[in-house]
């Protein structure tokens, strides 16, 4: 938009320096990784990190699949952030806790079902039931949250509901803590046919299941938003709530529905967490929540397809990043830094391309 | 907007028979909804384990434990809330009476029926698997270790009684209810402050007082509670009487005041009186703060030192959030930088680099480092939208913690084992501050608090402080009015960072060790709650917020007065944050400026109108109309 | 100095997406003039002000103030060059006091550092005194309306007309040479508006400011403007004195729409 050259301040120069430094670091890491993959003894690889072990093809594929599976989960959570941001223009920090409540619901119901003996004999049916229950609980949580904490703040500056949602987040986390105790809640044991590595590319069955469930949920959501009347109303409210209300759309109801849909998606994501990690803690929602928000930003906030893509990006980045960029550069114990990598992705994306990779879709007055 | 009972007009209508409603003319739907909400709340409180965990802590010796209090306060609040009515101009103000008491009683009874269900539920089902507190102990508390039937019946009765009390608060005049509430809170406060008061009375060698006040199980004794309540009521009555006489004098005074020319003089003398009284108050507080630690025991000094650390942190964050309006959720990063740099520089146990510097030298370097980190974190985020900025700063805070914890940097920071053996603070050969002497730590903390207060106060009333406030109010306009918003925001970051690093530096000397887990995100959030609770941008408010919250509930890793709350404090902080934002975004204590405005407004309204009239006379007839639209 | 106009804008274009908010606009203001910019709603008047004050980056064209280009400067730099403005929808610092509002806008004319404030240096104290005195002086321009106890009131409690006045005071406090007034009398009653019109005249005659104002109230435009520029769809469709412009058929059409053509 500007033809004119902007006068650069010191801060601008520093930012440019940071951008270049970040990209250079990533580039150097990748180069060293490639060098090590070709020959661990070539001078560049040795200079970067003499002890680095390059990944075998199988390890690499496992990491990618693991990253994609987690990324799909992040993507489902990110939808909730993205949709609420699109409609109300604030970050619902507590959305990660909704996801955690879904995972906990799954743990409780699955272990109850296992006690009753149904889990083993009728796994698919039980799984569907667990997913359904988790979706219901999460939807109810999200709707109550909207009603109690956010609706009275409609129209306030957007930092006010953001701060409120931080409060809601810590409240929900500790709500679960005091009700269910501090111990981990385990999922019932997955059936063997699912957990063992299948001959199909030797990918763990649970990961395929996770990707499949996420895909189904995404298609359902896409249909809801793009093909139904509710979806059209949602998009209208996201574009301009005031005008939508003049066109006869009940904005309140649409906002509730947005929260409900976001909650349902978080419920599905909660079960995916259970499938991937088999147990859940009351603190489990916080980091995935932040990462999912990062995913929403990376994909372009307000953009539904972008959220999923952003989730997959974050998932793969945090799975591969430590081993492909940090380890080749001589960082020891890089897997401990995966959370830091996820945050770094967010920061770098905001530095390099603040509107996300796929472009954001925001209400008209939010655009700058 | 709400016109409450003490307005003379609403009391006047009580004589009007038409505005009195019949006993059963209730808003049933609202009552049922309130009852339902209350029932959910009560069941949650019961199942959260508060009644069981707090049962040992007696408040009033034989009668009331904190556990039972946790089951009683909510019906009171909800039934009061049910009876609240907005009376706007033009609406009928109904007389309050038996109907409101009944409404409260119904809501309370309905709500506590939830506990009845719980009693029946616990006796018949066992779902202890997910719900850890679904236990016989809870049942024992709920039915007073008597029969299930008693438990099932008594809770609705208790609910009706407390509810009637809550609803009845609308019937009495505001003064009576306010006095009652304050008396109740004073008794609660006296019971909670048991350890401090015992400590104080030992310090002053008047153990007899605390022995008389408190029973063997830490609660106030029965007669002591009554005496405390009566004393509180007496003090309140005195305050009301003083206010009445002051108001009467003020009204008479303003009528007799000379016309417009004397107006500004008058306001100036009012000011002077106001200011000098405040200065006197400050002087007293400072004297008390300096002298009091000498008479306090270890526990209380320790507690106050923790409070002081959070005052420091909160004042630093107050500059960033309260003055400049930047929501920084990663403030703990600066705390960590302060703590770890002092640890590395002073401890002989620091793995890679161990210069074993004196504390003050290390502090200086810690300040520089924190300022640099502030610049480094600030620069990339400064142009982001406010909400993105919040998440990114949170990310930076986490990154710093993760790096401190990592194997990669464990050569310098020792990973999860942390850095130990940090020596105390040598104060120029005069004294040594060590963790096991809480009094010395407290004085060190107080010294830095004084610095932080001075810095905040001075900067607030300077060019940069005004620039910060302008950025907070409207960044675009601030920029157009000639404020370099980028550098103003960066300065806020750096100043806040340096103040935060003080706290970290003191913490590492106080505890003698630093661990990454002391710098989790929750620390940032608790500091934010303190700042918001105290009132953003308001220095006395922030200090009061820290004293109340950290003193009573405790910090994320530090115990407060109510140590029983340890498990519940984050829950309470979360709920408090939501409540604060919903109720009043400006914090508990109104900012000084707002208070002054109210004051001056009352004093000057008449004089101003007169001045206007005179000015209009001077400019001629036409001006008379122009003032019509502008009366405040 | 007299040969170079104070503000000279040539070939200005501002494009938002597909919308041409300003289209090839030329505009000059000489020192000591009062120029009114009028035009129907959505004609691009406020965008024009935004472009001058640096809030919107022009797509094309040149903006020069006292012979030096303003392009690429941050708004605060433009203000320190000597251009101040008010806003159509009054945007005060609502939770700051009246006096603080005018003190903060002297930011770019003062130079104290944080150290000065912390150590209470002589420089700090004299400068604070000056800033305060200058603030009171500026507020005094509006008679007693913003003085006395008003100094310490938050801007949010002021009446609407007083907020408009405070906006002008805040612009004056930046010690500008050129003031851009965006609908200064909007929402005022006729008496207040006449009074403010007089004050705007005084701003030029007594204080020596050059003024560009956007205004819908034609009586104000008639009373004080030396020249009038009419904008429509981002283009200047007429220029001249009020009498010339008000007789221009194109202007009448722009204001009254197609129906004017037929009659």
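What is the P(r) of region B:519-574, as percent of Cα-Cα pairs per 5 Å bin from 0?
Histogram of Cα-Cα distances, whole percents per bin: 5, 23, 30, 25, 14, 3, 0.
Compute the orientation-averaged projected area for region C:184-247 from the convex hull of its Cα atoms and round it to one decimal in nm².
For region C:184-247, the mean projected area of the Cα convex hull comes to 4.8 nm².
Starting from the exponent 0.38 and prefactor 2.2 Å, build the expected Rg for region C:1-125 from its residue count and divide its actual Cα Rg by it.
Region C:1-125 yields a ratio of 1.29.
Under the definition of partner shielding as Cβ atoms of other protein chains within 10 Å of a residue Cβ, what is the mean value for peptide C:75-87?
4
Rounded to whole Å and sorted largest first, what semi-axes of the equivalent ellipsoid does the C-alpha gyration tensor of region A:146-241 yield via the square root of 5 times each eigenvalue?
In descending order the semi-axes read 36, 26, 10 Å.
Give the peptides B:312-325, A:20-33 in descending order of average Cβ contacts within 10 Å, highest first.
B:312-325, A:20-33
Compute the distance in nm between two label points, each set 7 Å from the Cα along the Cα-to-Cβ direction, one at residue C:10 and one at residue B:368.
So the two model labels end up 5.3 nm from each other.
Write down the percent of antiparallel bridges among all DSSP beta bridges whose residues are both part of the protein assembly as shown, to the nearest 5.
Of those bridges, close to 65 percent are antiparallel.
Computed on alpha carbon atoms, what radius of gyration and Dmax characterise region B:7-172, expressed in Å?
Rg then Dmax for region B:7-172, in Å: 18.3, 59.
State, as an integer percentage, the relative contact order of region B:7-172 based on alpha-carbon contacts under 8 Å between residues 6 or more apart.
Dividing the mean separation by the residue count of region B:7-172 yields 32 percent.
Over all residues in B:388-397, what is the mean tally of Cβ atoms on other chains that come within 10 Å of each residue's Cβ?
Mean partner shielding for this stretch: 6.
Roughly what percent of Cα-Cα pairs across chain C reach past 31 Å?
28 percent
Tell me, what is the FRET efficiency for residue B:172 and residue B:22 to the nearest 0.05, using R0 = 30 angstrom and their Cβ-Cβ distance as r?
Calculated transfer efficiency: 0.90.
With springs only between Cα atoms under 10 Å, which of C:228, C:251, C:191 fluctuates most in a Gaussian network model of chain C?
C:191
Gain in length, residue B:235 to residue B:212, computed as 0.36 nm per residue apart minus the alpha-carbon separation, to one decimal in nm?
6.2 nm
Can you tell me the alpha carbon radius of gyration of region B:145-232 divided by the globular rule-of-thumb value 2.2 N^0.38 Å?
Ratio of Cα Rg to 2.2 N^0.38 Å: 1.43.
Would you kindly give the portion of the calculated P(r) for region A:262-333 that falls above 20 Å, as a percent of all Cα pairs?
Value for region A:262-333 (Cα pairs over 20 Å): 40 percent.
Compactness ratio of region A:68-196: Cα Rg over 2.2 N^0.38 Å, N = residue count?
Cα-based Rg divided by the globular estimate yields 1.21.
According to the Cα gyration tensor, what semi-axes, each the square root of 5 times an eigenvalue, does the equivalent ellipsoid of region B:348-433 have, listed from largest to smallest in whole Å?
30, 19, 10
Can you bin every Cα-Cα distance in chain A into 20 Å intervals starting at zero and give me the percent of pairs per bin, rounded to whole numbers?
P(r) for chain A, in whole percents per bin: 27, 53, 19, 1.
Sort C:197, B:174 by Cβ crowding within 10 Å, fewest neighbours at the top.
B:174, C:197
Sort C:160, C:209 so that the residue with the fewest other Cβ atoms within 10 Å of its own Cβ comes first and the one with the most comes last.
In increasing order of surrounding Cβ atoms, one gets C:160, C:209.
Can you give the average number of partner chain beta-carbon atoms within 10 Å of each beta-carbon in peptide B:463-473, as a whole number?
If you average over the peptide's residues, the count of other-chain Cβ atoms is 6.
If R0 is 51 Å, what FRET efficiency do you get for residue B:282 and residue B:352 from their C-beta distance, rounded to 0.05?
Efficiency computed from Cβ-Cβ geometry: 0.65.
Compute the acute angle (0 to 90°) between the alpha-carbon long axis of helix C:122-140 and the principal axis of greatest extent of the alpha-carbon atoms of chain C; round to the nearest 10°.
Result, in degrees: 40.
Based on the Kirkwood radius over alpha-carbon pairs, what is the Stokes-Einstein translational diffusion coefficient of region B:465-549 at 25 °C with 0.890 mPa s viscosity, in µm²/s?
Value of D from the Cα-based Kirkwood radius: 164 µm²/s.
When the distances between all Cα atoms of region B:298-595 are binned every 10 Å from zero, what whole-number percent does each bin get?
With 10 Å bins starting at 0, P(r) equals 7, 29, 37, 21, 6, 0.
Under 17 Å from a label point 7 Å along Cα→Cβ of residue C:24: give me every residue in region C:42-71 with its amide N that close.
Only C:59-62 pass the distance filter.
What is the calculated FRET efficiency for residue A:202 to residue A:51, with r their C-beta to C-beta distance and R₀ = 35 Å, to the nearest 0.05?
0.80
Give me A:138, B:171 sorted ascending by neighbouring Cβ count inside 10 Å, so fewest comes first.
So the ranking, lowest neighbour count to highest, is B:171, A:138.
Obtain the radius of gyration and the Kirkwood radius of region A:230-368 from its C-alpha atoms and give Rg over Rh.
My calculation of the ratio gives 1.06.
What fraction, in whole percent, of alpha-carbon pairs in the protein assembly as shown exceed 58 Å separation?
In whole percent, the long-distance tail amounts to 22.
A short reminder: the numbers here are calculations on the coordinates, not readings from a lab. The structure presented is a predicted model; accordingly, all values stated were derived computationally and were not measured. Note: ideal-geometry Cβ built from the backbone for every residue, glycine included; neighbour counts use all protein chains shown.
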